[in-house]
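The values are calculated or read from the model by the stated rules, or taken from the named source; none is laboratory data. The shown structure was predicted, so the numbers you read here are calculated from the model rather than taken from an experiment. Neighbour counts run over all protein chains shown; Cβ positions are idealised from the backbone, glycine included. Each accessible area value is taken on the protein alone, full model and side chains, heavy atoms only, with ligands, DNA and RNA left out. Shrake-Rupley method; radii C 1.70, N 1.55, O 1.52, S 1.80 Å.
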Amino acid sequence: QVQLVESGGGLVQAGGSLRLSCKVSGRTSKNGTQGWFRKAPEKEREIVAAISWSEYYTDSVKGRFTISRDNAQNTVLLQMNNLEPEDTAIYYCAVSRTKLTGTLLMTPRSYDFWGQGTQVTVSS
């Protein structure tokens, strides 16, 4: 059974930083896709960043967020710098057992396993 547990969320002021961590337990393909999604009020769940053949970032976080993977620790990290109020959302870690690209990589239904989410709140 695969389990994903996010941590690192919290309340920060605009311009601050947070590092989210996703601990993965169980057996899952390291050759698949690891990603972060977020769900903001009045918006659908959207892709934030992912690692597949290469790193992917949604336009709104490019230059501010960095996704990384630590295989030894079975963790997926999301370093978030220069946070903005628009980044406020519940952030979810997700894993697909296959290498995803393009539209599939950005689609929540493409992912096989999900964490419970961690709240990130950025004040003005």
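The table that follows gives values for the structure above.
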read-out: Hits among lysines - C-alpha to C-alpha of K30 under 26 Å, sequence gap 8 or more where chains match; value: K39, K62, K99
read-out: Å² of accessible area per residue within the chain, as computed with a 1.4 Å probe and no ligands counted; value: 55
read-out: Of all accessible heavy-atom area on the chain, the percent that carbon and sulfur account for (1.4 Å); value: 46
read-out: Full-extension gain in nm, S54 to T121, via 0.36 nm per residue minus C-alpha separation; value: 21.3 nm
read-out: Net charge of neighbours whose Cβ lies under 13 Å from the Cβ of V122, counting Lys and Arg as +1 and Asp and Glu as -1; value: -1
read-out: Within the chain, helix-based [θ] at 222 nm, where runs of 4 or more DSSP H residues each add -39,500 (n - 2.57), nearest 500; value: -1000 deg cm²/dmol
read-out: Modelled FRET efficiency - R0 30 Å, N81 with Q1, Cβ distances, 0.05 increments; value: 0.30
read-out: Nearest-10 value in Å² for the accessible area of L18, using the 1.4 Å probe; value: 30
read-out: GNM top mover of P41, P85, P108 - the chain, alpha-carbon springs below 10 Å; value: P41
read-out: Förster-model FRET efficiency, 22 Å R0, K30 and T103, C-beta, rounded to 0.05; value: 0.40
read-out: Dipole magnitude of the chain about its Cα centre (Cβ charges: Lys, Arg +1; Asp, Glu -1), debye to nearest 20; value: 460
